[in-house]
Amino acid sequence: MKNTGATTVTDASPDRSRSPRVSPRVSTDGFSLAKLLLEGRAFFALIAIIIVFSLLSPYYFSVGNFLTMASHVAIFGILAVGMLLVILNGGIDLSVGSTLGFSGVIAGFLMQGVQLTSFGVILYPPVWVVVVLVCVLGALVGLVNGVLIAWLKVPAFVATLGMLYVVRGAALLMTNGLTYNDLGGKPELGNTGFEWLGFNRLLDIPIGVLVMAVIALIGSIILNRTAFGRWLYASGGNERAAELSGVPVKQVQVSVYMLSGICAAVAGLILSSELTSAGPTAGTSYELTAIAAVVIGGAALTGGRGNIRGTLVGAFVIGFLSDGLVIIGVSAYWQTVFTGAVIVLAVLLNAIQYRRRVKLPSPTGGSPTSPQKDKATTADPALEKTAG
């Protein structure tokens, strides 16, 4: 009886051999400088850029210069927000640069007056009508992309690449390769105020920067506070599983491409306003810069991971780096080299970050972990997706 009692006490005591399996998890969840630097790399890169160029040029570190550079960043930032939504869905939109240029051409065409030969009159729509029509145009381009991809199952790369050429060609046909100049309008025609987007300031902040901030805030609310945001992350992480869970995957795909088109149209309006002209070649290769901003901001090109905050920081990294190189007199060719190197480095760090997340901790105990625990651990990284 005593032996039995002793055995009972021994069996009820905690198994000390399992304690080493708990300690690695505790240490992993603790503070890690490498993890902090990896996840905040875009922010730290931006700080480093500001410090380096401030030391190299006395004109870089000033409020006026920062506001000027921010107005340049606004174009890419707005494009990048729309691109982020598409990439979160696991897609890509190569047509945003052409949509930006075409939007500016349409705005210039409307500002110059629409001639109705049948009635012998020329209509000069007010600026707010021009803005609305151009945004509708951007949504239509995105709708075509979305239908091709979601319903006709055309690969996103092919569909948006085709639209890149179609939209750019339409802009060239409309203008015959020329540029619409002097978009300021005339008071007697009632079409003045277009330059407000590009030149005016509110509280000494350029309107373009404020528009970018509003679009980013709306995008953040959509991703964080709405069912659409949850659907977007779910469909981007695992489209088939999301569809089986009742997520309207096709509607989400079409919607993100429409939102990307609207962002491109807004960026085209701001750029045309800043230049007071609209040319059919505007926005060439801007889609690559938008993708670069999203990648530098920490989003995964495979979809399902990324946030607005990181994307905006990525846009500022590219903008502040490019403008800094101009200020210190670096050749435009070297600017391209530096920008490309930053993009490659960002993709490499993204691969390292997400590879570390999905790597399972090896069991240190004698008995292997159960399949249920393995599945739960594997699913954890998918639950770590964050929206900023």
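A few points about this structure:
- Using 0.36 nm per residue and subtracting the Cα-Cα separation, the extra length available between Val347 and Val330 on full extension is 3.7 nm.
- Potential extension, Leu36-Leu189 segment - 0.36 nm per residue separation minus Cα distance: 49.4 nm
- Note on Ile47 and Leu210: the model spin-label points, each 7 Å out from Cα along the C-beta direction, lie 3.1 nm apart.
- Inverse mean reciprocal Cα-Cα distance (Kirkwood Rh) of region 139-230, Å: 17.2
- Computed from the C-beta positions of Thr302 and Thr226 and an R0 of 25 Å, the FRET efficiency is 0.60 to the nearest 0.05.
- Label-to-label distance, nm, for residues given as Thr68 and Phe338 (7 Å Cα→Cβ offset): 1.6
- Paramagnetic reach from Ser277 (point 7 Å along Cα→Cβ, amide N under 19 Å) across region 190-206: 194-199
- The modelled label-to-label distance between Val121 and Arg201, using points 7 Å beyond Cα along the C-beta direction, is 4.1 nm.
- Accessible area per residue in Å² at 1.4 Å probe, computed on region 229-284: 38
- Over 16 Å [Cα-Cα, region 25-129], rounded percent: 78
The values are calculated or read from the model by the stated rules, or taken from the named source; none is laboratory data. Here the structure is a predicted model, which is why all the values come from computation and not from measurement. Cβ: placed from backbone, ideal geometry, glycine included. Neighbour counts: every protein chain shown. Remember, those area values only see protein heavy atoms, side chains included, never the ligands or the DNA or RNA. Shrake-Rupley method; radii C 1.70, N 1.55, O 1.52, S 1.80 Å.
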